[in-house]
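S.K.: Attaching a single structure in structure tokens format; questions to follow.
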Amino acid sequence: MSEAEQRANPLPHSTEDVVRAEQGPDTPQTASPSYRLAFTDRDFLLREELRPVRLQLELLKPQMLMDEAGIESTVVMFGGARIPAPEHAAGARTPVLADLSRYYDEARRFAQQMTLRSMETGGREHVICTGGGPGVMEAGNLGAQEAGGKSIGLGIVLPHEQAPNVYVTPELSFNFHYFAIRKMHFLMRARAIVVFPGGFGTLDELFEMLTLIQTRRMKPVPILLFGREFWERIINWQALAEAGTISDSDLNLFRYAETAEEAVGIIDGWGKPV
């Protein structure tokens with residue numbers, strides 16, 4: 001049965017009218033921008049007044065495609081784009097960054113283990129989701145591919161030249177203009193959030209998650225920080241609690257992990273009595 005026969009309504013499909021409009025006579029009237037179909041008029045869609053529509057489209061497109069792919073839940077992996085694979089550690093810009101390369105392998109192994117579990121559900125549950133870039137993100141997508149499963153990459157347009165890492169499942173590789181909408185997609189299916197050492201972007205994403213859960217704008221999910229030494233060196237969590245700017249109980253919103261196996265165990269035991 002053709003798509004036209006399957007349609008529930010008798011009105012013409014929009015693609016039919018796109019073709020018809022392009023086949024019309026060439027006159028001053030048809031050549032005018034005002035005559036273009038609104039949904040094919042790029043200049044119109046990019047106008048300032050159309051930002052609400054673009055926000056909606058950017059929310060809707062990945063949502064629909066992930067629904068069609070049958071993805072019901074994800075495991076989100078955040079972490080530094082600059083963290084190299086161990087074999088490239090010698091070229092790292094600082095000795096500390098070179099040492100952090102060990103987390104590339106842990107991210108890769110963690111993604112492998114979660115993807116094997118995901119494949120038991122037909123690739124519907126616990127699908128690895130990264131920002132689609134290099135470093136820890138690449139490691140996550142690579143691990144998923146090595147396990148024989150699919151993974152998501154939520155990229156964003158940046159001023160410098162960039163492209164998704166080659167391990168993202170192509171049909172699950174997305175590109176965003178709005179950081180806010182990208183963040184929503186990180187969370188909408190998240191069943192666990194795993195955060196590796198990183199910079200401003202990683203910190204931004206981490207505190208976004210903690211704030212949403214702290215304020216009960218999001219249901220609690222496991223939040224794991226890989227590398228206790230790194231995190232306790234750059235963030236004095238205890239000082240925040242002692243100052244009273246967060247509650248002591250807020251320190252229980254996350255846990256530390258050092259290895260892939262430890263992280264999987266924490267996720268499995270989350271919410272159970274210690």
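S.K.: Order these by the 10 Å Cβ neighbour count, fewest first: Thr169, Thr215, Thr74. Don't skip to the end; give the middle numbers.
M.R.: Details: Thr169 19, Thr215 8, Thr74 27.
So the ranking, lowest neighbour count to highest, is Thr215, Thr169, Thr74.
S.K.: Follow-up question, since we're still on this one. Tell me the angle of helix 51-68 to the major Cα principal axis of the chain, expressed in degrees between 0 and 90 and rounded to the nearest ten.
M.R.: Rounded to the nearest ten degrees, it is 70.
S.K.: For the chain, give the magnitude of the charge dipole about the Cα centre (Cβ charges: +1 Lys/Arg, -1 Asp/Glu; no others), in debye to the nearest 20.
M.R.: Its charge dipole is roughly 400 debye.
S.K.: Ignoring the sites themselves, what is the longest stretch of the chain with no trypsin sites (Lys or Arg not before Pro) in a DSSP loop and at most 10 other beta-carbon atoms within 10 Å? Mind dumping the intermediate values first?
M.R.: Working: sites that count: Arg93, Arg216, Arg217.
By the stated rule (loop sites, at most 10 other Cβ atoms within 10 Å), 94-215.
S.K.: Helix 260-269 versus the longest principal axis of the chain: what is the Cα-based angle in degrees, 0 to 90, to the nearest 10?
M.R.: Once rounded, one gets 80 degrees.
S.K.: Then there's this: How far, in degrees from 0 to 90, does helix 179-188 lean away from the longest principal axis of the Cα atoms of the chain, to the nearest 10?
M.R.: The angle comes out at about 70 degrees.
S.K.: Note the listed values [x] 71, 42, 41; [y] 63, 43, 41; [z] 45, 39, 39, then indicate which one is Cα extents along the principal axes in Å calculated from this particular structure.
M.R.: [x]
S.K.: Kindly write out, for segment 215-231 in residue order, the coupling ³J(HN,Hα) from the Karplus curve 6.51 cos²θ - 1.76 cosθ + 1.60 (θ = phi - 60°), rounded to whole Hz, with x marking Gly and Pro.
M.R.: Here the 3J(HN,Hα) series is 8, 6, 8, 8, 5, x, 10, x, 10, 10, 10, 7, x, 4, 4, 4, 5 Hz.
S.K.: Given the options Leu59, Leu172, Leu37, state which has the largest fluctuation in a GNM of the chain using a 10 Å cut-off (strictly under) for Cα springs.
M.R.: Leu37
S.K.: Separate question: Give the separation of the Cα centroids, segment 73-134 to segment 21-48, in Å.
M.R.: 45
S.K.: Using DSSP to define loop residues, name the GluC sites (Glu not before Pro) in segment 187-274 whose beta-carbon has at most 16 other beta-carbon atoms within 10 Å. Let's see the in-between values first.
M.R.: Values: sites: Glu205, Glu208, Glu229, Glu232, Glu242, Glu258, Glu261, Glu262; in loops: Glu258.
Those satisfying the criteria are Glu258.
S.K.: For segment 132-183, run through the GluC sites (Glu not before Pro) and keep only the ones in DSSP coil with at most 11 other Cβ atoms within 10 Å of their Cβ.
M.R.: Glu161
S.K.: I've got another one for you. Could you tell me the calculated FRET efficiency between Glu242 and Gln162, based on Cβ-Cβ distance and R0 = 51 angstrom, to the nearest 0.05?
M.R.: Plugging the Cβ-Cβ distance into 1/(1 + (r/R0)^6) gives 0.80.
S.K.: Also, quick follow-up: Using just the helices of the chain, give the 222 nm mean residue ellipticity in deg cm²/dmol: DSSP H runs with n ≥ 4 each add -39,500 (n - 2.57), and the total is spread over all residues, rounded to 500.
M.R.: -13000 deg cm²/dmol
No lab work stands behind these numbers, since they all come straight from the coordinates. In this text the structure is predicted, and so the values were computed from the model without any measurement. Cβ coordinates were reconstructed from backbone atoms using ideal geometry, including for glycine residues, and neighbour counts include every protein chain displayed.
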